[in-house]
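J.: Sharing a structure below in structure tokens format, with a few things to ask.
Just so it is clear, none of the values below were taken in a lab; they were calculated from the coordinates. What you see is a predicted model, and the numbers here were worked out from it, not measured in a lab. Don't worry about glycine lacking a Cβ; one is built from the backbone with ideal geometry, like all the others, and counts go over all protein chains shown.
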Amino acid sequence: MKASWPVRTLSFSHDGQMLASGSEDLIIDVAMVETGERICEVQCNSPTFTVAWHPSKPLLAFACDDKDKHDRDAGTVRLFGLPNNS
């Protein structure tokens, strides 16, 4: 996995097998640590501010630089679940 935009945030899954990276390209990439293989990507409406994994499940929380209609920070946190292969 090679980012073509500046990476803003990284987070390892609870078991250390997956790495989520958020950048300014409006995509969160999730890849296998051992192989670097991209297993999914999460489309966002604005650059990603932070990503964090659930402490025991394949659930990713993320926040982006969303703005409301008055151009103020929206403060929205979203969740993305991956299939549990265990």
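J.: For the chain, just list the percent of Cα-Cα distances falling in each 5 Å bin from zero outward, please.
T.: Per 5 Å bin, starting at 0, the Cα pair percentages come out as 3, 15, 27, 24, 16, 8, 4, 2, 0.
J.: Report the calculated FRET efficiency for GLU37 and ARG78 (r = Cβ-Cβ distance, R0 = 25 Å), to the nearest 0.05.
T.: After rounding, the FRET efficiency stands at 0.55.
J.: Is the shape of the range 27-67 best called rounded, prolate or oblate, per the rule: a/c under 1.5 gives rounded, else a/b larger than b/c gives prolate, else oblate, with a ≥ b ≥ c the square roots of the Cα gyration tensor eigenvalues?
T.: Verdict is oblate for the range 27-67.
J.: Moving on. With +1 on each Lys and Arg Cβ and -1 on each Asp and Glu Cβ, and nothing else charged, work out how big the dipole of the range 22-68 is about its Cα centre, in Debye to the nearest 20.
T.: 220
J.: Treating only the Cβ of Lys, Arg, Asp and Glu as charged (+1, +1, -1, -1), what charge dipole size does the chain show about its Cα centre? Round to the nearest 20 debye.
T.: 140
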